[in-house]
Amino acid sequence: MMRATVYLSFLAALGVISSTLCANALPHIADHFQARFLTAQFTISLFFIGSAFGQMATGVLSDRWGQRRVLSAGLLLFVVASLACAMADSMALLIGFRMLQGMGSAAGPVMARAIAATISEERRSAQVQSYNAIGIGLASISAIIAGGFLVAISWRLAFVLAALIGGALFCFAFAALKADPLPQIGRPWLFGARRVWGNRPFLVHTAIHSLTYGLMYGYISLFSRFLKELWPAVTSGEIALYSGLMIVCYMVGAWVSSQGVLRFGVHRLVYSGVMIQLCGGVLLIAVPYPFVGLVFFNFALGLILPMTSAGALAAFRSEGAGTASALLGLSYRIGGSVLCSAICYAAVQHYFGFGPWMIAFSAASLLLLFAVERTPHRAGNQV
């Protein structure tokens, strides 16, 4: 079990690693191909579009053909696409290969969630997903540091490193994941998706997860501007340092959730995380020194995201975990990181203080969602 947990932690971070490494290389890519920076940014956009398609395909196919088999195919696609990106001799080819890389990278987070839900009951699955969150935090910091060194030599090395990481995950997949359940064959994917969307615990946890994820992305996109508003003389190095500290707060929250879920259950930790998130929003509004509120907010992210992921997939342990994981991923990618963060960004252009109010309002809305849950479901989450 420990070997599988460690492996899933690395697997869950695959998308973060590949997107972060490329983000560091964007200025160098634009200079190399003598293209506008806006054109180079399409490598990010196409990566996420590919990831969206890859998530759905990976989840559905894994329920029919087996998790390890589909995971291995996705990792192989990721490795080949990463090497193709490293050797691309035009911007058009690089953008196209980045879309394929995004499709392959989707196998990481989708299968990490689905496998954790399949091999463990809800609380153990939540614990594994908390460790996955810690792995994602470590990967974010490591990719930022490694990417900074590599792109100083050549932007192509960032994609070579991504290929090496994907290759290592591919090689260890069968050794680390020996308990691959039999695929569920015979049910068309549309019926599987309908069954997932008709599951009330899935909808509740997915709504909480997606909104929280959207707030996180809105915060990430505005954090540098937030610091500039607070301290006009802040340097890029200081912004990176503060960003790292906030990631550490997120990792601490994930560690607390991994230690507390076996005793308190998924529902109580999600409720506690939303309460802490509400406190963070109120502190950001009321306290002149904002970092206390940001510490609360990032700590709450580490509590909420792993627990809601496990809660959403708990009902699909025996069948449909891949489809449920894919629909959860699409929901927080589209409804969370795209729509919610876009709303935050657009609103803040007119009134910068809207951000803290958005956090507080969203947390209060999530508490209301908890309040209208039926008693049987609440009890069921605390098994």
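The values are calculated or read from the model by the stated rules, or taken from the named source; none is laboratory data. Computed from a predicted structure; not experimentally measured. So basically every Cβ, Gly included, is an ideal-geometry build from the backbone, and we count neighbours across all protein chains shown. The protein model used for the area step is the full one, side chains on, heavy atoms only, and it has no ligands, DNA or RNA in it. Shrake-Rupley method; radii C 1.70, N 1.55, O 1.52, S 1.80 Å.
Below is a table of values for the structure above.
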item	result
Output for the range 277-316, where each listed residue is closer than 22 Å to GLY135 by Cβ and surrounded by fewer than 22 Cβ atoms within 10 Å (Cβ to Cβ)	VAL295
Candidates ARG69, ARG98 - the one that is within 22 Å of ALA40 (Cβ to Cβ) and either surrounded by fewer than 21 Cβ atoms within 10 Å (Cβ to Cβ) or not β-branched (Val, Ile, Thr) (or both)	ARG98
Residue among ALA92, ALA84, ALA114, ALA88 that is open to solvent by 30 Å² or more (accessible area, probe 1.4 Å) and either in contact (Cβ under 8 Å) with a residue 40 or more places away in the chain or over 20 Å from the mean Cα position of the chain (by Cα) (or both)	ALA92
Residues within the range 141-158 that are assigned to a helix (DSSP H, G or I) and either acidic (Asp, Glu) or touching a His at 6+ places or on another chain (Cβ under 8 Å) (or both), tallied	1
Checking LEU76 against (1) surrounded by 24 or more Cβ atoms within 10 Å (Cβ to Cβ); (2) out of contact with any Lys or Arg (no Cβ under 7 Å at 6 or more places or on another chain), the condition it does not meet	(1)
Single match in GLY311, GLY302 (criterion: touching a Phe, Trp or Tyr at 6+ places or on another chain (Cβ under 6 Å), part of a helix (DSSP H, G or I) and closer than 23 Å to GLU121 by Cα)	GLY302
Residue match in the range 182-191 (condition: at pLDDT 75 or above and touching a helix residue (DSSP H, G or I) at 6+ places or on another chain (Cβ under 7 Å))	no
Number of positions in the range 29-45 that are at pLDDT 85 or above and either open to solvent by 70 Å² or more (accessible area, probe 1.4 Å) or under 14 Å from GLY15 (Cα atoms) (or both)	3
Residue check, LEU262 open to solvent by 10 Å² or more (accessible area, probe 1.4 Å) and over 30 Å from ILE49 (Cβ atoms)	yes
Any chance LEU150 is at pLDDT below 85 and over 28 Å from ALA324 (Cα atoms)	yes
Candidates PHE299, PHE291 - the one that is farther than 19 Å from SER62 by Cα, among the aromatic types (Phe, Trp, Tyr) and modelled with pLDDT of 90 or more	PHE299
